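The values are calculated or read from the model by the stated rules, or taken from the named source; none is laboratory data. Note that the structure is a prediction, hence the values are computed from the model and not measured. With ideal geometry, Cβ positions are generated from the backbone for all residues, glycine too; neighbour counts draw on all protein chains shown. These accessible areas exclude ligands, DNA and RNA; they are computed on the full protein's heavy atoms, side chains included. Shrake-Rupley method; radii C 1.70, N 1.55, O 1.52, S 1.80 Å.
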Amino acid sequence: MNTRRIGPFEVRPIGLGCMNLSHAYGTPPSESDAEALLLDALDQGVTLFDTAALYGFGANETLVGRVLKAHRQRIVLCSKGGMTGQPVGPGGALQRVIDGRPEAIRRDCDDSLRRLGTDHVDVYYLHRWDKKIPIEDSVGAMARLVEAGKVRAIGLSEVSAATLRRAHAVHPIAALQTEYSPCTRNPEIAVLQACSDIGAAVVAFSPVARAFHTGALADVSGLEAKDIRRSMPRFEPANHAANLLLLPAWQALAAEAGCTSAQLSLAWLLARGAHVIPIPGTTSRAHLRENLGAAAVVLSADLMARIDAVFHPTRIAGARYGAQSQVEVDTEQFGG
């Protein structure tokens, strides 16, 4: 069986990002539809399922835990803490809070275990580095979760190679989760190599560029009010229109490879290194099966080079995050 390694685990090459079953891209699916998709993913051989305390302010973990509890021994269950929904201000409305203090990480993990209905998380990520707290302190708290048996392996999300190495000096880091697709190439600056050096997996989220690579997102004006892409410069109408001009060449490459546009993006990622594991998310069972089919697509070196040229970083209009969200991450950027 074709597998890839994440910490002590062997998983199928393509996992499932569960976030959009609960929030992020407008109205989520019904609970019954979300359950059907999770079970279909399991039936199709997916072994890595990725969730977080933040997604739906706990609702996603509750969903994933309930649906997959009976199959717990068949899967590698990943979640994240350090960025959660916490009551803030009068009325106690939940807002996103980044908190990397050791006591917060312990609390987040216990809360996640309760929602997931399990006694341990296989890979537990620090969702964001709280820059007020030394990374060594946050990772030290996560290491103690490993010692307590609540976590099997530790991961980080959206950090630089330098921060990764600092963290790894405290406790082995099994995975670094980062946005990575043909049009988001930041990991190639340093993180891709750093992960290879220390034996960590690169878990690529948004591997089809938040639907851009599918070619189905021709008009961003119809995005729902709560769709997170509305706050991302790359999806502002002018930038999106400029990037759409690159799609015909992309679609021609997919036709040459004998696959769909989404599959081409995923196959490209799989070819970037044996330590790269994409985790596309979807609310569609048809798209789920399409995505998983990318594992069978083989790309020549020539085709890989032409993909790189179509989506060279200098050709992409718009940053992936707005100013506030960019402050919250620690990833390297091209040109700065």
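When residues in the range 108-131 are screened for being assigned to a helix (DSSP H, G or I), exposed (fewer than 15 other Cβ atoms within 10 Å of the Cβ) and either of a type in the set (A, V, I, L, M, F, W, C) or in contact (Cβ under 8 Å) with a residue 12 or more places away in the chain (or both), 1 of them pass.
So if I check each of 117, 82, 56, which one is at positive phi and out of contact with any helix residue (DSSP H, G or I) (no Cβ under 7 Å at 6 or more places or on another chain)? Quick ask: steps written out before the conclusion?
Details: 117 fails: out of contact with any helix residue (DSSP H, G or I) (no Cβ under 7 Å at 6 or more places or on another chain); 82 fails: out of contact with any helix residue (DSSP H, G or I) (no Cβ under 7 Å at 6 or more places or on another chain).
Residue meeting the stated conditions: 56.
Does residue 325 satisfy the criteria of being of a type outside the set (D, E, K, R), within 18 Å of residue 184 (Cβ to Cβ) and surrounded by 15 or more Cβ atoms within 10 Å (Cβ to Cβ)? It is true that residue 325 is of a type outside the set (D, E, K, R), within 18 Å of residue 184 (Cβ to Cβ) and surrounded by 15 or more Cβ atoms within 10 Å (Cβ to Cβ).
Conditions (1) in contact with an Asp or Glu (Cβ under 9 Å, 6 or more places away or on another chain); (2) more than 24 Å from residue 271 (Cα to Cα), marked per residue:
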| residue | (1), (2) |
| --- | --- |
| 112 | yes, yes |
| 119 | no, yes |
| 130 | yes, yes |
| 138 | yes, yes |
| 149 | yes, yes |
| 154 | no, yes |
| 169 | yes, yes |
| 173 | no, no |
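The numbered conditions (1) free of Cβ contacts under 8 Å to residues at least 12 places away in the same chain; (2) under 19 Å from residue 292 (Cα atoms); (3) among the hydroxyl-bearing types (Ser, Thr, Tyr) are all true for residue 30 except (2). In summary, residue 125 fulfils each of the numbered conditions (1) among the aromatic types (Phe, Trp, Tyr); (2) under 14 Å from residue 328 (Cβ atoms); (3) in contact with a strand residue (DSSP E or B) (Cβ under 6 Å, 6 or more places away or on another chain) with the single exception of condition (2).
I'd like to verify a number: residues in the range 232-249 that are surrounded by 13 or more Cβ atoms within 10 Å (Cβ to Cβ), out of contact with any Pro (no Cβ under 8 Å at 6 or more places or on another chain) and in contact (Cβ under 8 Å) with a residue 40 or more places away in the chain, how many?
First, the residues of the range 232-249 that are surrounded by 13 or more Cβ atoms within 10 Å (Cβ to Cβ): 232-236, 239-244, 246-247, 249.
Still in the list and also out of contact with any Pro (no Cβ under 8 Å at 6 or more places or on another chain): 232-236, 240-244, 246-247, 249.
From what's left, in contact (Cβ under 8 Å) with a residue 40 or more places away in the chain: 232-236, 240, 242-243, 246, 249.
Result for the range 232-249: 10.
Restricting the search to strands (runs of 3 or more DSSP E) fully inside the range 49-101 and requiring at least 2 residues that are open to solvent by less than 50 Å² (accessible area, probe 1.4 Å) and either farther than 16 Å from residue 151 by Cβ or acidic (Asp, Glu) (or both) gives 83-87, 94-98. Restricting attention to the range 163-187 and to residues that are farther than 21 Å from residue 122 by Cβ and in a strand (DSSP E or B), the residue that is farthest from the chain's Cα centre (by Cα) turns out to be 184. For the range 213-231, filtering for residues that are open to solvent by 60 Å² or more (accessible area, probe 1.4 Å) and under 23 Å from residue 264 (Cα atoms) leaves 3. Residues in the range 188-211 that are touching a strand residue (DSSP E or B) at 6+ places or on another chain (Cβ under 7 Å), touching a residue at least 60 places away in the same chain (Cβ under 8 Å) and outside any loop (DSSP other than H, G, I, E, B): 191, 192, 195, 201, 202, 203, 204, 205.
Is there a residue in the range 11-33 that is in a loop (DSSP other than H, G, I, E, B), more than 27 Å from residue 100 (Cα to Cα) and among the polar types (S, T, N, Q)?
Step one: list which residues in the range 11-33 are in a loop (DSSP other than H, G, I, E, B), which gives 12-15, 18, 22-30.
With the extra rule that they be more than 27 Å from residue 100 (Cα to Cα), the set shrinks to 12-14, 26-30.
Now restrict to residues that are among the polar types (S, T, N, Q): 27, 30.
Within the range 11-33, one or more residues are in a loop (DSSP other than H, G, I, E, B), more than 27 Å from residue 100 (Cα to Cα) and among the polar types (S, T, N, Q).
Checking each residue of the range 136-150 against the condition of being touching a residue at least 40 places away in the same chain (Cβ under 8 Å), within 22 Å of residue 205 (Cα to Cα) and open to solvent by 10 Å² or more (accessible area, probe 1.4 Å) gives no match.
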